[in-house]
Amino acid sequence: MVANSVDIQNKSGEGKSYTVEMEVLDAAGNAVASATAQAEVAASSQATVELQTGAVATPHLWDVDDPYLYTAVTKIKDGDVELDSYSTRFGMRYFHFAQGPEDGSFYLNGKKIVLAGINRHEQGPWIGRAVPDKLQVQDADLIKAPGIDAVRCSHYPQDPSFMDRCDEIGLLVFTEAPGWQHIGDDGWKAEFKNNLTELILRDRNHPSVISWSSRPNESKTATECNSECKALINSLDPP
């Protein structure tokens, strides 16, 4: 079984009992898994419902050379009335950074990959950061073309269209919450954790993402804060 979390917001003035349906489609549009659950949501509040879909019998793994994507279609119903639907693309893969005698190499789906990477700032000549989607896509393609297989989003969340394209072409992503050469007071640290939470919740379904940064770019060590951020990452996107 595979656990899936769905957040539901009830904007009405009374409690509701919703039906949540999820269907997993392969690249050809065939259903390969599904689940249904009931969600009791109080008036003007939000709730999270867990759905247990059956495992895909023979998953097609996402890879840098074969970036295969599935789509999870989630529907919210009030009785027989469909209120909302949302499509989430994702890929199935497993990876690890080896340690100790395995020399620290990166393994994707059990295969060692020698990473060739690049840093990316989300800006263009003459337009700064007012970069339209088509140029975000073009940038990902330009990075991938010469054989680069990893990109560090330095050092802030980058546009969803760029992240989507990385999924589509098999470009691995190191992503970071916004920050640069600074660790502030407790209020600043709380806001950094909020930014990190927003980043992970937005991007954790991207198969291209293989690393979250637990500290601001080029910042001094803040042991307690860094440890808390690492624990936050593991809670929102378990290893």
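The values are calculated or read from the model by the stated rules, or taken from the named source; none is laboratory data. Owing to the predicted nature of the structure, the values given are computational and were not obtained by experimental measurement. Cβ atoms come from the backbone with ideal geometry, glycine included; neighbour counts cover every protein chain shown. Keep in mind that these areas ignore ligands, DNA and RNA; they rest on the heavy atoms of the full protein, side chains included. Shrake-Rupley method; radii C 1.70, N 1.55, O 1.52, S 1.80 Å.
Values computed for the structure shown
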{"quantity": "Count of residues meeting criterion [of a type outside the set (Ser, Thr, Tyr) and more than 14 Å from the chain's Cα centre (by Cα)] in segment 211-239", "calculated": "14"}
{"quantity": "Test: residue in segment 203-210 that is within 26 Å of Ile169 (Cβ to Cβ), more than 12 Å from the chain's Cα centre (by Cα), surrounded by 17 or more Cβ atoms within 10 Å (Cβ to Cβ) and in contact (Cβ under 8 Å) with a residue 40 or more places away in the chain", "calculated": "no"}
{"quantity": "Search result, residues across segment 51-83 that are of a type outside the set (S, T, N, Q), part of a strand (DSSP E or B) and under 17 Å from Ser5 (Cα atoms)", "calculated": "Leu51, Tyr70, Ala72, Val73, Lys75, Ile76, Lys77"}
{"quantity": "Segment 15-71 - residue that is acidic (Asp, Glu) and in contact with a Gly (Cβ under 9 Å, 6 or more places away or on another chain) and, of those, modelled with the lowest pLDDT", "calculated": "Glu40"}
{"quantity": "Residue within segment 180-199 that is free of Cβ contacts under 8 Å to residues at least 60 places away in the same chain, open to solvent by less than 20 Å² (accessible area, probe 1.4 Å) and among the β-branched types (Val, Ile, Thr) present", "calculated": "no"}
{"quantity": "Any hit, segment 219-227, residues being buried (at least 18 other Cβ atoms within 10 Å of the Cβ), among the charged types (D, E, K, R) and in a loop (DSSP other than H, G, I, E, B)", "calculated": "no"}
{"quantity": "Residue satisfying condition, being over 17 Å from Arg93 (Cβ atoms) and either among the basic types (Lys, Arg) or open to solvent by less than 20 Å² (accessible area, probe 1.4 Å) (or both), within set Val24, Val73, Val64, Val41", "calculated": "Val41"}
{"quantity": "Any chance Val137 is under 17 Å from Asp203 (Cα atoms), surrounded by 14 or more Cβ atoms within 10 Å (Cβ to Cβ), touching a helix residue (DSSP H, G or I) at 6+ places or on another chain (Cβ under 9 Å) and β-branched (Val, Ile, Thr)", "calculated": "yes"}
{"quantity": "Residue among Thr88, Thr36, Thr48 that is assigned to a strand (DSSP E or B), within 23 Å of Pro238 (Cβ to Cβ) and either open to solvent by 50 Å² or more (accessible area, probe 1.4 Å) or touching a Cys at 6+ places or on another chain (Cβ under 9 Å) (or both)", "calculated": "Thr48"}
{"quantity": "Cross-chain or 6+ apart pairs with Cβ under 7 Å, segment 95-106 first and of a type in the set (A, V, I, L, M), then open to solvent by less than 60 Å² (accessible area, probe 1.4 Å)", "calculated": "Ala98/Gly104; Ala98/Ser105; Ala98/Tyr107"}
